[in-house]
Amino acid sequence: MLCGGNFVISLCAKIRPVTPLPEADLYRPLLAATLARAAAAADDLAVICLCAAWCRTCDGYQQVFDAVAASHPGLAFRWLDIEDEAREIDDIDVQTFPTLIIGNARQVRFAGPVLPQAAHLEKLLRGL
């Protein structure tokens with residue numbers, strides 16, 4: 001199971017309330033900045049993929065992420081290299097790639113590693 005915001009999301013996309021992530025305060029400014037860059041409303045959802053240029057898994061996942069982004073024009077998608085944009089992620093500790101952060105300035109809906117597959121990302125987005 002993956003934990004994020006006010007939900008635990010299993011790979012089967014069953015959703016149930018849980019305690020908010022203690023790291024949520026770290027994610028909200030990044031989500032707000034992403035929405036501002038996309039000229040989106042503050043309550044819209046941002047989908048951020050944290051990656052690294054040296055990560056071969058990320059190389060393959062970027063095309064998947066971009067394709068899913070194209071099919072969800074109402075969401076603000078952002079591909080963020082943790083080394084090139086280190087100041088943007090501040091104290092966020094990324095353990096595994098790819099890692100997604102989904103939410104807005106008020107609420108983190110999901111934060112954690114994901115399987116690098118389009119079907120998994122689509123299912124995750126449908127569950128929100």
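The values are calculated or read from the model by the stated rules, or taken from the named source; none is laboratory data. From a predicted model like this one, the values you see are computed outputs, not experimental measurements. Note that each Cβ is placed from the backbone with ideal geometry, even for glycine, and that neighbours are counted across all protein chains shown. Please note that ligands, DNA and RNA were not included when accessible areas were found on the heavy atoms of the full protein model with its side chains. Shrake-Rupley method; radii C 1.70, N 1.55, O 1.52, S 1.80 Å.
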Can you pull out the residues in the range 46-76 that are free of Cβ contacts under 8 Å to residues at least 24 places away in the same chain and closer than 19 Å to N104 by Cα? A69, P73
Apart from one, (1) open to solvent by 20 Å² or more (accessible area, probe 1.4 Å); (2) at negative phi; (3) not in a strand (DSSP E or B) all hold for L121; the odd one out is (1)
I need the full set of residues from the range 46-55 which are assigned to a loop (DSSP other than H, G, I, E, B) and either surrounded by 14 or more Cβ atoms within 10 Å (Cβ to Cβ) or modelled with pLDDT under 50 (or both), in order please. A52, C55
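Matching residues to (1) in contact with a Lys or Arg (Cβ under 6 Å, 6 or more places away or on another chain); (2) open to solvent by 60 Å² or more (accessible area, probe 1.4 Å); (3) under 18 Å from Q95 (Cα atoms); (4) modelled with pLDDT under 50:
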| site | (1), (2), (3), (4) |
| --- | --- |
| S10 | no, no, no, yes |
| K14 | no, yes, no, yes |
| P22 | no, yes, yes, no |
| P29 | no, yes, no, no |
| A39 | no, yes, no, no |
| D44 | no, no, no, no |
Taking the range 68-107 as the region of interest, how many residues are loosely packed, with under 12 Cβ neighbours inside 10 Å and touching a strand residue (DSSP E or B) at 6+ places or on another chain (Cβ under 8 Å)? 2
Total residues in the range 41-57, condition within 11 Å of F77 (Cα to Cα) and among the small types (G, A, S): 1
Could you please find all residues in the range 86-109 being hydrophobic (A, V, I, L, M, F, W, C) and touching a residue at least 24 places away in the same chain (Cβ under 8 Å)? I89, I92, V94, F97, L100, I101, I102, A105, V108
Criterion first (out of contact with any Asp or Glu (no Cβ under 9 Å at 6 or more places or on another chain), at pLDDT 85 or above and among the hydroxyl-bearing types (S, T, Y)) does T96 satisfy it? yes
Would the range 24-45 turn up any residue that is assigned to a helix (DSSP H, G or I), of a type in the set (S, T, Y) and touching a residue at least 40 places away in the same chain (Cβ under 8 Å)? yes
If you check F110, F65, which single one turns out to be within 17 Å of Y27 (Cα to Cα) and buried (at least 19 other Cβ atoms within 10 Å of the Cβ)? F110
